Each structure stands twice: as structure tokens, then as C-alpha cells.
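This report concerns only the one structure given below.
The values are calculated or read from the model by the stated rules, or taken from the named source; none is laboratory data. These numbers come from a predicted model, not from an experiment. For neighbour counting, all protein chains shown are included, and Cβ atoms are generated from backbone atoms with ideal geometry for every residue, glycine included. Accessible surface is based on the protein model in full, side chains and every heavy atom, while ligands, DNA and RNA are left aside. Shrake-Rupley method; radii C 1.70, N 1.55, O 1.52, S 1.80 Å.
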Amino acid sequence: ISLVCKQNYSTIPVKRLSKFERSKLIIESPLDKIIIGLLLGDGHIQKRSLKGNSRFMYAQSSLRLHHLNYFENILELFKPYLSKEFILKKRLFKDNRNNREYSSVQFATLSLPCFNFYRNIFYNSDNKKIVPLNIDNLLTPIGLAYWIMDDGSLQNKGLHLNTYGFTTKDILRLKTTLINMFGENTLKCSIHKHPKGERIYIYEESMELIRNNISEFMHKDMLYKINSLCTFK
């Protein structure tokens, strides 16, 4: 998906919003918590100039029906921040590793002051996505639900969170955050090596704790990611 998100799409409206109109657009609850999970997953914040504002970008390259339904749910959350002339971007791309062609959909919001905060905490001076130092204060159960819907996959009745794009230090920070997320009911998790990098594994004995705390926030078509009895083909 990162291959898709690097594409620079335009969402220029017929009538440009004034500086005042842009400042009036704020991110309210629960989107302020959801966006944390999305930025740990497939979401990106782009800033196209040093003095400009930032915009949120999101793509989905697996267009199976349940993934597309989830994508449409994300799109609906960000509709207030889209251009009035917004057109969903679709494209085909080739994965050189297996020589297969895939289709994808993507949207990008307007560049707005309300996204600058997330740009500042999730990106370093080299324009690389990082894990904020205070992620333990930012990540909530609803944010975790969206992170899992983006990057989670069932494995041996446990759950992998694909954290390949982050450094070892960032992944350790995420692991600590997860362990302590539910107070005395600590999550049991570890870091596993993978050819693509490192990922976090949540053990089977902690999955009930996960389900009890985030199921209400999961899109119905993505519940299979936390329930081994629910599968899609």
C-alpha cells in the first residue's frame, strides 16, 4: 500500500477555502482517536511545502468486498475534510516481486491546519513516519481497533500487528504501550522477526481481553481479524 500512498494526487476545489474557513475545520472525537490508529497502520500525513498545511491520505489495495466496505467506512469518516469536487482515485499497479497486477483506491483530504498536529508528531525531519514518544497517552481502544483493522492478522489464534515500517525502538515503544494499555490486565505480547522486518505478536491468552475492549469499535466486516471462528475467503 505504501507504493500507492506515495502518489501525489490533487483535491483542488472549484472555490478555494479561505484561511479562516480552513481554520474552522477541526478534528473532533472520536476521529481524533481513530486517526492515531490509522497512522500506526495505513494512513499517511503529507505536507507538500514547508509553510503549507498537511493532508491525510489513505489507500486500500485489496479490493475484496469486506476490505472495500471497510475502506468506504474510512472514507465516510473523512468526508467533511474532502474537496466538494472530490473524485475517488483508482489505479492499477504491478508488484514486481510476483509480477501480478493489483487495483487500489485512495483518497486525500484537503490540506488543513487540523492535520498539522499529526504531521508534527508522526513524522521526523527526514519525512519518515515514526511512533510518537507519547503514544501511550494517544492510543486508545478505538485507535487500537483501527490499527488492527489496518495491520492486524490472525496467527495461531493470536494476532500479528505488522509494524515493518517502524524502527526497533519504535516497535518496543508500541509493545510497551500495548502491554500496559488495559491497566492491571496486561496484554501478553512479543516482537517476532519476519523477512519484511519486525512485528508485534499478541498471544492467544490475551485475545479475549482484546475482544472485550475493542469489538464494539470494529467494522463488522473486519471482526474476523480478532475472531478465529470468523473467516473470509
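Mind checking the per residue accessible area of the chain for me, 1.4 Å probe, whole number of Å²?
Counting only protein heavy atoms, the per-residue value for the chain is 55 Å².
Taking the chain as a Gaussian network, Cα atoms linked when under 10 Å apart, which of His160, His67, His194 shows the biggest mean-square fluctuation?
Taking springs between Cα atoms under 10 Å, the residue moving most is His194.
When you count, for each residue, the other Cβ atoms within 10 Å and take the mean per peptide, how do 196-205, 146-155 rank with the highest first?
Ranked by mean Cβ neighbours within 10 Å, highest first: 146-155, 196-205.
With +1 on the Cβ of every Lys and Arg and -1 on the Cβ of every Asp and Glu, and nothing else charged, how large is the dipole of the chain about its Cα centre, in debye rounded to the nearest 20?
The calculated dipole for the chain is roughly 1100 debye.
Do the sum for the chain: with -39,500 (n - 2.57) for every DSSP H run of n ≥ 4, divided by all residues, what is the mean residue ellipticity at 222 nm, to the nearest 500 deg cm²/dmol?
-9000 deg cm²/dmol, from helical runs alone.
For region 136-233, what % of the accessible area comes from carbon and sulfur atoms, probe 1.4 Å?
Answer for region 136-233: carbon and sulfur cover 48 percent of the accessible area.
Have a look at Leu82, Ile210, Ser103 and report the one farthest towards the positive end of the charge dipole of region 77-233, computed about the Cα centre with Cβ charges (Lys/Arg +1, Asp/Glu -1).
Going by the charge dipole, the pick is Ser103.
Would you mind checking Lys157/Lys193; Lys128/Lys196; Lys129/Lys196; Lys128/Lys175; Lys90/Lys175; Lys51/Lys128 for any pair whose Cα atoms are more than 25 angstrom apart?
Lys90/Lys175
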